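Student: Next up is a structure, given as structure tokens.
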Amino acid sequence: MSHPPAAAAALDLREKGGPQDGQPQLCDRRLFFQLTAFSGAGDAHKLVGGLGAYPGVDYVVYEEAGDPTGAAVLAATEDPALLFSKVRRDLQGGPFPGLRVKPEFSLLGRTYALGYEPRLEDWLLHRPRRVALDPAAAWAVWYPLRRTGAFARLPRPEQQQILKEHGNIGRQFGDAGYAQDIRLACHGLDKSDNDFVIWLIGKDLFPLSALVEAMRPTIQTSQYLENIGPFFVGRAVWQSPYKGPEAAR
């Protein structure tokens, strides 16, 4: 007697954190960050006036270290549709039409969880905003990376051990107050088919460079990265005020 095939498990795209009171944390919310860089800006402060104040959208304006006329605008929102309506409209008006977009630094990514985060919603929605909008941490280094296919084929426990080595270094810099990092997934969102966008933030530039250097000998960087960079180095000249957790709504 034949039996009907078992029903396929429902696809669950929610982010998953570490257990809380014996139950897994689940969250179907995340932030999207978009970095758009320009040449020809001159004084980056002049770009601030072209940015609107919208519920659910935060901005940071950077001046670029590698281009004396370079600047960039970071937009953060939980609703990616706002990147096409509010943010796109801002970047088409005011001081922006006379600037040249630098596509090599156009980055788009989303917050994500690895499955062990003790405070999942804070990790996905609130911490990234606190870090991005901290006036005491103006320096930033942005770069994309792509892992090799060999890493994806490793057993999950081996992947976790490799990532733990990488994460411990970042945690040491963070605990010492030297640097904070925000990791964004960009699968299918990046024109160069990268996997992640890494964002390092601190009150001084040197520790950010030192953090990148410290991670070069790790197994992930030395053996399982296919591509890394280019690096955008900037200093924030203006940030939206941090409004607390309700700003992520």
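The values are calculated or read from the model by the stated rules, or taken from the named source; none is laboratory data. The shown structure was predicted, so the numbers you read here are calculated from the model rather than taken from an experiment. Calculation scope for accessible area: heavy atoms of the full protein, side chains included, ligands and nucleic acids excluded. Shrake-Rupley method; radii C 1.70, N 1.55, O 1.52, S 1.80 Å.
Student: Gain in length, Ala136 to Ser222, computed as 0.36 nm per residue apart minus the alpha-carbon separation, to one decimal in nm?
Tutor: Values: separation 86, 0.36 × 86 = 30.96 nm, distance 3.24 nm.
Difference between extended and current length: 27.7 nm.
Student: Further, regarding this structure: When 1/r is averaged over all different Cα pairs and the result inverted, which Kirkwood radius in Å belongs to the range 86-178? Walk me through the numbers on the way to the answer.
Tutor: On the way: mean 1/r = 0.0586 Å⁻¹.
Computed over the range 86-178, the radius equals 17.1 Å.
Student: Another question, if that's okay. Whole number in Å², please: accessible area per residue of the range 1-143, 1.4 Å probe, ligands, DNA and RNA not counted. Walk me through the intermediate numbers first.
Tutor: Values: 7240 Å² over 143 residues.
Accessible area per residue: 51 Å².
Student: Return the carbon/sulfur percentage of the accessible area of the range 181-249, one whole number, probe 1.4 Å, all protein chains in place. Don't jump to the answer; show the numbers that get you there.
Tutor: Values: 1870 of 3480 Å².
For the range 181-249, the apolar C and S fraction of the accessible surface comes to 54 percent.
Student: Also, I was wondering about something else. What is the percent carbon and sulfur in the accessible area of the range 1-155, measuring with a 1.4 Å probe over the protein chains and ignoring ligands? Write down the numbers at each step before the final one.
Tutor: Working: 4560 of 7850 Å².
Carbon and sulfur: 58 percent of the exposed surface of the range 1-155.
Student: Continuing with the same structure: Which value, in Å² and to the nearest 10, is the accessible area of Val233 when all protein chains are kept and the probe is 1.4 Å?
Tutor: Val233 exposes around 40 Å² with every protein chain in place.
Student: For the chain, what does -39500 (n - 2.57) per DSSP helix run (n ≥ 4), summed and divided by total residues, give at 222 nm, in deg cm²/dmol to the nearest 500? Show your work: numbers first, answer last.
Tutor: Numbers: 6 runs with 50 residues, N = 249.
-5500 deg cm²/dmol, from helical runs alone.
Student: A further question on this structure: Give me a comma-separated list of calculated 3J(HN,Hα) values for the range 171-186, in order, Karplus coefficients 6.51, -1.76, 1.60 applied at θ = phi - 60°, integers in Hz, x for any Gly or Pro.
Tutor: 5, 4, 5, x, 5, 7, x, 8, 7, 10, 10, 10, 9, 10, 7, 9
Student: Averaged per residue, what accessible surface does the range 163-249 expose to a 1.4 Å probe, in Å²? Walk me through the intermediate numbers first.
Tutor: Working: 4590 Å² over 87 residues.
Per residue, the range 163-249 has 53 Å² of solvent-accessible surface.
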